[in-house]
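Encoded as structure tokens, the structure appears first; notes follow it.
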Amino acid sequence: MIRAVNLTKSYHRHKHVVPVLQGIDLELQPGEFLSIVGASGSGKSTLLHVLGTLDKADSGMIFFGDERIDQLSSKERDRYRNEKFGFIFQFYHLLPELSAMENVMMPGLIGSSLFSWWQKRKQIKKRATELLERVGLGHRLHHKPREMSGGEMQRTAIARALIASPKVLFADEPTGNLDAEAADEIIRLLREINREERVTILMVTHNLELARLSDRVVKMSSGKFSPLSVNAPPLGYQPLNDIPHLCLPAPQV
Amino acid sequence: MYKFLLCLRYLRTRYLAFVCIVSVMLGVATLIVVNSVMAGFSTKLKDRFRGLHTDVTIESPNMNGFSTPAAELKEKILNSRAGEFIEAMTETVEVFGMATFELYLQSGGSEPITMPVQVIGIDPEARAKLGGFAQYLTTPSRREKPSFELDPKALARWHHLHPPVDIPEHKPLIPGAPPLPDPPRDPVKPMGCFPGFAITHYRSTDPVTGAVNHKPLLLMGDSIRIVTASATKRLEPVYADFAIADSIQTEIPEYDRGFFWVKLEDLQTIRGMPGRCSHIHIRLKDYSKNKEAVEALREIFPDEREAIVQTWEDKNRTLLDAIDTERGILNLLLFMIVGVAGFSVLAVFSMIVREKTRDIGILKSLGASDRGVMSIFLGYGLLLGGLGAGLGIALGLTIVHYINPIEQFLSKNTGVGFDRRVYYFEELPTHVQPEMVALVTIGALLISVLFSVLPALRAAMLKPVRALRYE
């Protein structure tokens with residue numbers, strides 16, 4: 001589904017060059033739920049942003065299916081983010097002025113002109129309501145983010161990420177700001193969505209417990225996937241052999 | 001679509017936005033009020049000037065007036081090329097003089113009052129056809145068919161003040177000689193005049209209420225003596241007594257204090273210039289053709305030393321230009337005020353963009369384009385500018401509508417106000433020009449958009465990742 005080849009990226013701070021990604025190769029199978037774990041500063045969030053076209057790598061290639069997406073014009077990248085990708089962030093990132101419903105509809109609003117919105121509005125509203133009900137917020141449709149709990153906000157964000165029926169969901173520390181119970185709920189929700197809607201999920205987290213629930217876990221440190229196995233496949237992931245119970249087989253597609 | 005939603009939401013939830021709206025509103029309201037008042041002043045002044053000076057004047061630089069009789073001059077004009085431009089024409093005699101009258105004091109004595117005036121001899125009916133005269137007469141009934149005839153009450157007063165001189169009964173010196181015929185006993189018919197309103201009235205300020213009102217100094221039928229110069233080769237003083245038939249109030253103090261209107265024939269007789277005149281006033285059929293008309297008239301009167309042909313605008317050029325210049329400068333200064341309002345838009349917008357940085361990142365992560373984000377903030381600027389301008393128009397027009405009560409309230413409570421001794425009019429004149437309101441509105445909108453461009457660009461240029469990380 002998504003394939004990255006030899007991605008590198010570094011930040012420049014004054015005269016110092018801080019390497020963030022140092023030659024990342026990754027392949028994400030359709031319908032896979034992949035977790036990237038690693039300490040903060042290991043470059044996992046940057047990798048997620050680069051793959052999600054929110055940020056650009058210095059070198060390397062990213063493919064979505066057969067199309068190379070890292071060199072697309074900003075307009076086309078906007079379209080990718082609007083239609084094919086969904087994002088979930090640690091701090092929920094809901095628009096505070098809008099209600100849960102409006103937040104969920106936002107990608108639909110962004111993707112349509114005044115006229116096409118008029119045509120599609122019922123459909124989008126229906127889908128937004130369904131999604132909010134799906135994430136268990138059927139009773140919170142018209143609440144503003146500040147009237148909701150962290151878990152509720154994150155579930156709203158998930159509903160928003162799903163409104164355009166994306167192919168890939170990027171989750172950047174989706175549980176980082178939640179207590180254990182709410183975090184567990186969110187991961188289970190993602191798992192369900194992944195299974196039911198066949199949405200590919202790439203999750204970045206530092207919580208190994210939660211990463212366990214995904215299909216596959218890779219570990220990142222210092223901008224590289226940690227070589228934990230001698231028989232590491234050339235393109236792809238590194239099973240976390242040092243944490244045996246996290247080693248899950250890659251799904252056969 | 002999301003742009004509209006967000007614009008409206010930001011408007012509703014950002015109290016800071018109201019600062020922008022209020023500053024634009026005040027700027028727009030100020031511009032409208034000041035312009036309307038200035039336009040009111042200038043329109044009213046121009047109206048008076050044009051009325052009093054008439055469209056075109058042919059003036060003799062010689063104090064004795066034209067040597068050619070007026071009737072001949074008029075015929076010459078009418079038969080020339082200029083004739084086709086002329087709707088009405090009348091000759092006048094205008095000369096400086098002194099007016100003097102007795103002021104009866106409460107103590108019982110009297111005090112002579114003398115003042116310089118411009119004596120204007122007119123044919124009232126012909127002059128009324130040129131406009132800018134009859135409507136200023138204080139007695140409304142005279143405006144229809146103006147004449148210098150005194151009304152019965154005034155006439156009675158005049159006769160009371162001027163009793164017929166009693167000629168003692170004639171006694172023949174030679175006894176038996178036949179008696180001489182009786183001298184004429186018919187009461188002398190007074191010569192009527194229209195002094196300026198400020199000659200016959202004085203302004204009194206009520207010490208308690210502060211209200212200003214006019215009290216008559218002279219009544220109709222009172223007599224005023226005019227002393228002026230003869231129109232003979234050797235300057236000689238001449239004088240005559242006139243009876244006040246009415247007064248003329250133009251609301252321009254200069255004219256109300258200085259003009260003294262009498263009958264043309266009377267002035268001609270006094271000055272010894274029967275049939276002659278010093279000015280010919282012309283009303284044009286179409287004032288827009290004034291240049292052609294003046295040109296045609298100058299063909300008849302080529303010598304400037306013999307006759308000066310001028311439009312009312314030429315005559316008042318300095319004052320009219322001064323008004324225009326004043327208005328231009330004031331507008332420039334006031335536009336700077338709106339510019340200051342523009343900076344407040346800029347400041348508030350920069351703050352809002354900063355505050356909304358994360359939202360911008362979110363929108364971009366959801367697929368919003370740079371242009372889309374920019375148009376949110378540009379649209380927001382336009383919305384604030386539009387609302388500010390709309391409210392400003394409403395406020396400005398309201399103030400213009402109630403300008404006089406407001407001014408009275410202000411001058412009563414603060415002492416700052418429109419000094420009626422300095423200005424020409426009793427009330428603040430206003431004139432709202434729609435094109436001016438439109439221009440001010442467009443200007444305000446333009447400034448709001450221009451000043452929101454910078455913050456909007458900044459918002460659009462934000463890298464989504466940085467915006468998302470922004471705390």
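The values are calculated or read from the model by the stated rules, or taken from the named source; none is laboratory data. Just so we're clear, the structure is a prediction, and the values are computed from it rather than from any experiment. With ideal geometry, Cβ positions are generated from the backbone for all residues, glycine too; neighbour counts draw on all protein chains shown. These area figures cover heavy atoms from the full protein model, side chains too; ligands, DNA and RNA do not enter into them. Shrake-Rupley method; radii C 1.70, N 1.55, O 1.52, S 1.80 Å.
Before moving on, here are some points about what is shown:
- Label-to-label distance, nm, for residues given as B:Asn404 and B:Gln106 (7 Å Cα→Cβ offset): 3.0 nm
- In terms of accessible area, using a 1.4 Å probe and ignoring ligands and nucleic acids, B:Arg458, A:Arg216 rank largest first as B:Arg458, A:Arg216.
- Cα-only Debye scattering, segment B:78-148: base-10 log of I(q)/I(0) at q = 0.21, 0.24, 0.26, 0.27 Å⁻¹: -1.00, -1.05, -1.09, -1.12
- Averaged over residues, the count of other Cβ atoms within 10 Å places the peptides A:113-124, B:9-20, B:86-97, A:57-68 in the sequence B:86-97, B:9-20, A:57-68, A:113-124, highest first.
- Of the solvent-accessible surface of segment A:93-165, computed with a 1.4 Å probe over protein heavy atoms with every protein chain present, carbon and sulfur atoms account for 55 percent.
- Occluded residues from segment B:366-398, i.e. those whose accessible area drops by 30 Å² or more once the chain is not alone (1.4 Å probe): B:Leu366, B:Gly367
- Interface B:A - total buried accessible surface [probe 1.4 Å, Å², rounded to 100]: 2400 Å²
- Other protein chain Cβ atoms within 10 Å, averaged over every residue that makes up A:78-87: 4
- Considering segment A:93-165 at the alpha-carbon level, its Rg and Dmax are found to be 11.4, 35 Å.
- Note: segment A:37-138, Cα convex hull, 158 Å³ per residue.
- Potential lengthening between B:Glu426 and B:Arg203 on full extension [0.36 nm per residue; Cα-Cα distance subtracted]: 79.1 nm
- If you wrap the Cα atoms of segment B:43-120 in a convex hull and average its projected area over all directions, you get 8.6 nm².
- Cα-centred dipole magnitude for segment A:93-165, charges only on beta-carbon of K, R (+1) and D, E (-1), debye, nearest 20: 240 debye
- FRET efficiency, B:Lys285 to A:Ser73 (Cβ-Cβ, R0 51 Å, nearest 0.05): 0.15
- Inter-probe distance in nm under a simple model that places probes 7 Å from Cα toward Cβ, at A:Arg212 and B:Ser67: 12.8 nm
- Considered as an equivalent ellipsoid built on the Cα gyration tensor, chain B has semi-axes of 68, 27, 15 Å, the largest given first.
- Taking a straight line from the alpha carbon of B:Lys3, these aspartates and glutamates sit under 20 Å away, with near neighbours fewer than eight places off in the same chain left out: A:Glu76, A:Asp78, A:Glu83, A:Glu97, A:Glu102, B:Glu355, B:Asp359, B:Asp370.
- Computed E for A:Ser221/A:Glu196 - FRET, C-beta separation, R0 35 angstrom, nearest 0.05: 0.55
- For the protein assembly as shown, accessible area per residue (1.4 Å probe, heavy atoms of protein chains only), Å²: 50 Å²
- Rg/Rh, computed from the Cα trace of segment B:310-353 with Rh as the Kirkwood radius, has the value 1.45.
- Counting only DSSP beta bridges whose two residues both lie in the protein assembly as shown, roughly 70 percent are antiparallel.
- Between B:Val188 and B:Thr269, the C-beta separation translates, for a Förster distance of 22 Å, into a calculated FRET efficiency of about 0.90.
- Against the main long axis of the alpha-carbon atoms of chain B, helix B:2-13 sits at an angle near 70°.
- Mean projected area of the convex hull spanned by the Cα atoms of the protein assembly as shown, taken over all viewing directions: 53.5 nm².
- Å³ per residue enclosed by the Cα convex hull of chain A: 143 Å³
- Under 13 Å from B:Lys215, Cα to Cα: aspartates and glutamates that are on another chain or at least 8 residues apart: B:Asp206
- Signed unit charges on C-beta, dipole axis of segment B:308-463, positive-most listed residue B:Ser365, B:Met436, B:Met461: B:Ser365
- Formal net charge of residues neighbouring B:Asp246 (Cβ-Cβ distance under 15 Å; K, R +1; D, E -1): +1
- A compact globular protein would have a Cα radius of gyration near 2.2 N^0.38 Å; the ratio found for segment A:17-94 is 1.13.
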